[in-house]
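See below for the structure under consideration.
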Amino acid sequence: VPGSKGNPVGGSKDVGTLTYFAGIKSRGEPTQMIAKYGGVQMKVNLISFEEWGKLKSDKIPFMPFITQSDGTIMLETENICKHLATMGGKFVVDSKQEELCKIANSAPMQLADPLYNLPDGGASLGVPPFEKWLEAVIPVLKDLVSKLGDGPFFAGEAPGYGEAFIFHDLDNQFALAKPELTTAIGKEAMAKLEAFYARFAALDGIKEYLAERPKVWGVPGSKGNPVGGSKDVGTLTYFAGIKSRGEPTQMIAKYGGVQMKVNLISFEEWGKLKSDKIPFMPFITQSDGTIMLETENICKHLATMGGKFVVDSKQEELCKIANSAPMQLADPLYNLPDGGASLGVPPFEKWLEAVIPVLKDLVSKLGDGPFFAGEAPGYGEAFIFHDLDNQFALAKPELTTAIGKEAMAKLEAFY
């Protein structure tokens, strides 16, 4: 009978047209993967936010939706996923997969979508901040590892349709916070999720879909698409020949592949340039002519655009420590003839006394590393590295005596 397992739609696997947002790696993805794997013919209509504003109505209150051949509208992502899997006849379809699809389509798993795709991380839609989401998703991921068992798939030897949604969630979560998630759930658990992810990605239909899909995702200004596909931030200006705040900014840009011109100027040139608009350096002159000030803001901005360094509240704190006395005072002590005395910098002995407890605390924060953020480095660590670079050149023997050889060895290993 048409609509049965043997005859999903009267001998045809044409389901109509799926409509969803263009460029957003969200609920439109698992639906398309399920269709591809099952050989289901489904046109895809990807629209802009503006087009959605005109289309949204009581009849079509949300996306994705399928416009079927008879003109009727199919809503609800989980219903669409199950329908496509049933029509395809290849994915396992049962109550466990329904449960898995529901988990994947619900908070906290699905919230990686707005966190990754939207400029405000979905805050305007009520999405919790990154740290709160991270805290909530960890026990869910641990439970999924338990459900997966020895695999290879959640359904056993063959994959189920809910696993397409789990794969999609992991795809966004790995892009968003893989180092933090690895630290939280453990390397062994992460290895199991990675193995599932790789197996699912290699399935016929899925690998073709992944190869054909867009390479850039998210609204411009989001984590996925920091500057609309371009990583050109403009021009950084700082002192020439001074190993100070211009260093961590450039390192962060380099690591993230951010295109940033660098204009290094003399003290004399700075005297002519300094104004109410540009009261201090470093600063970035952006493509629209606006000026970005404040070293810590610049560091975070460059790291976010690069998309490789860990960016979270702990790294903000680390960046602040590195950019404040006594850590940052190694810069003038090392770079200026009077050691910065004319700028109010304390003498070497006073600085040494003040910096020792901070270094000891940093050793504690670092723990077993390899980085302060865990397996992958965070952006604040570029500033810590810079400070240590000056401090080691300035006073490594004295610092080693003060904090101990074991503590110094940890800092050197991080460095």
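The values are calculated or read from the model by the stated rules, or taken from the named source; none is laboratory data. Predicted, not measured: the structure shown is a model, and the values here were computed from it. Every residue, glycine as well, gets a Cβ built from its backbone with ideal geometry; the counts of neighbours run over all protein chains shown. We work out accessible area using only protein heavy atoms, side chains counted, and drop any ligands, DNA or RNA first. Shrake-Rupley method; radii C 1.70, N 1.55, O 1.52, S 1.80 Å.
At a glance:
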item	result
Residue that is surrounded by the fewest Cβ atoms within 10 Å (Cβ to Cβ), among those in region 75-113 that are of a type outside the set (D, E) and without any contact (Cβ under 8 Å) to a residue 24 or more places away in the chain	S95
First in region 321-346 and without any contact (Cβ under 8 Å) to a residue 12 or more places away in the chain, second anywhere and aromatic (F, W, Y) and open to solvent by less than 20 Å² (accessible area, probe 1.4 Å), Cβ under 9 Å, 6 or more apart	G339/W351
Among (1) within 29 Å of E375 (Cβ to Cβ); (2) in contact (Cβ under 8 Å) with a residue 12 or more places away in the chain - the single one S266 does not satisfy	(1)
Residues that are open to solvent by 30 Å² or more (accessible area, probe 1.4 Å), in contact with a Gly (Cβ under 8 Å, 6 or more places away or on another chain) and within 13 Å of L141 (Cα to Cα), drawn from region 168-188	T183
Selection count, region 25-62, where residues are touching a strand residue (DSSP E or B) at 6+ places or on another chain (Cβ under 9 Å), under 20 Å from P220 (Cβ atoms), buried (at least 20 other Cβ atoms within 10 Å of the Cβ) and of a type outside the set (G, A, S)	1
Tally of residues being part of a loop (DSSP other than H, G, I, E, B) and among the hydrophobic types (A, V, I, L, M, F, W, C) across region 150-168	3
Condition broken by K396, with the remaining ones in (1) over 28 Å from G256 (Cα atoms); (2) touching a residue at least 24 places away in the same chain (Cβ under 8 Å) satisfied	(2)
Which listed residue is open to solvent by less than 60 Å² (accessible area, probe 1.4 Å), in a strand (DSSP E or B) and in contact (Cβ under 8 Å) with a residue 40 or more places away in the chain, from I298, I284	I284
Residues of region 122-149 classified as more than 26 Å from G89 (Cβ to Cβ) and assigned to a loop (DSSP other than H, G, I, E, B), total	5
Among residues of region 316-328, those that are small (G, A, S) and surrounded by 16 or more Cβ atoms within 10 Å (Cβ to Cβ), counted	1
Residues of region 133-152 satisfying the condition of being at pLDDT below 95 and farther than 16 Å from K192 by Cβ	none
Residues located in region 89-111, provided they are part of a helix (DSSP H, G or I), among the charged types (D, E, K, R) and in contact with a strand residue (DSSP E or B) (Cβ under 8 Å, 6 or more places away or on another chain)	K96
Test: residue in region 384-391 that is in a helix (DSSP H, G or I), in contact (Cβ under 8 Å) with a residue 12 or more places away in the chain, more than 19 Å from Q250 (Cβ to Cβ) and under 27 Å from the mean Cα position of the chain (by Cα)	no
Residue match in region 215-237 (condition: of a type in the set (K, R) and part of a helix (DSSP H, G or I))	no
A123 vs. criteria within 26 Å of N79 (Cα to Cα) and either touching a residue at least 40 places away in the same chain (Cβ under 8 Å) or out of contact with any strand residue (DSSP E or B) (no Cβ under 8 Å at 6 or more places or on another chain) (or both)	no
Hits in region 84-101 (condition: farther than 25 Å from T17 by Cβ and of a type in the set (K, R))	K96
Selection count where residues are without any contact (Cβ under 8 Å) to a residue 60 or more places away in the chain and either touching a helix residue (DSSP H, G or I) at 6+ places or on another chain (Cβ under 9 Å) or part of a helix (DSSP H, G or I) (or both), scope region 193-209	10
So P337, is it farther than 23 Å from F130 by Cα and assigned to a loop (DSSP other than H, G, I, E, B)	yes
Members of region 373-383 found to be buried (at least 21 other Cβ atoms within 10 Å of the Cβ) and not in a loop (DSSP other than H, G, I, E, B), listed by number	G378, G380, E381, A382, F383
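Residue-wise test of (1) assigned to a loop (DSSP other than H, G, I, E, B); (2) open to solvent by 10 Å² or more (accessible area, probe 1.4 Å); (3) out of contact with any strand residue (DSSP E or B) (no Cβ under 9 Å at 6 or more places or on another chain).
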site	(1), (2), (3)
I252	no, no, yes
L264	no, yes, no
W270	no, yes, no
S275	yes, yes, yes
K314	no, yes, no
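Per-residue answers, yes or no, for (1) among the hydrophobic types (A, V, I, L, M, F, W, C); (2) open to solvent by less than 20 Å² (accessible area, probe 1.4 Å):
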| site | (1), (2) |
| --- | --- |
| A330 | yes, yes |
| G340 | no, yes |
| P346 | no, no |
| K350 | no, no |
| P357 | no, no |
| F371 | yes, no |
| Q391 | no, yes |
| P397 | no, no |
| E412 | no, no |
